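Structure first, commentary second.
Read the figures in this text as sums done on the coordinates, not as results from a lab. Values in this document were obtained by computation on a predicted structure and should not be read as measured data. FYI the Cβ positions are ideal-geometry reconstructions off the backbone, even for glycines, and counts take in every protein chain you see.
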Amino acid sequence: MGNYREHALEGASAVDLVVALYDGMIRFLYAAIDAVERGDADGRRAEVKRALDIIIHLQARLRMDVGGRPAEALSEFYASIFAQILQASQSASSAKFGHAIDCVRNVRDAWRQVARDAGKNADAFAAVTPALGSTGEHADAAANPAMSWTV
């Protein structure tokens with residue numbers, strides 16, 4: 001599966017990579033729900049950490065000086081979803097994880113729309129998407145959000 005993801009992300013745009021990170025976050029939150037239902041506290045914490053790492057990565061790459069209100073809105077969203085996920089984990093609540101998934105899915109769907117409209121809105125989302133440092137780096141970054149992208 002890892003090789004498939006690597007090849008699927010080759011040549012992807014920055015927006016496509018952001019969508020892939022959101023997809024990863026959703027996948028990790030579903031895995032956290034599964035861990036809650038199994039009573040696996042360590043597994044829940046591991047999956048939550050992976051989702052939070054993605055949020056931290058995305059938050060750190062925002063360009064507030066250029067992004068204006070869209071970057072501010074994303075920053076607020078990341079802070080909010082971070083808190084929601086922590087609360088869901090602390091209470092081991094599948095329902096709270098489900099709510100966080102719904103929120104992330106809504107924003108992910110908005111990013112998909114941005115990807116479809118990329119030609120029309122290039123300047124609008126350039127400030128809130130990570131710029132890739134070198135070719136080939138993007139596949140590893142989507143698989144491992146702790147890897148750094150340059151902005």
>> List the residues, sorted by chain then number, that are 5 or more residues from LEU62 or on another chain and whose placed amide H is less than 5 Å from its amide H.
In response: none
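Efficiency by 1/(1 + (r/R0)^6): what FRET value for LYS49 and ASP117, r their Cβ-Cβ distance, R0 = 35 Å, to the nearest 0.05? Spell out each step's value before the answer.
Numbers: r = 33 Å, r/R0 = 0.96.
After rounding, the FRET efficiency stands at 0.55.
Ranked by Cβ crowding within 10 angstrom, fewest neighbours first, how are HIS99, HIS57 ordered? Could the numbers behind the result be given before it?
Working: HIS99 16, HIS57 20.
The most exposed by this proxy come first: HIS99, HIS57.
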> Taking the simple approach of a point 7 Å from Cα along Cα-to-Cβ for both ASP109 and GLU72, what is their distance in nm?
Replying inline: 2.7
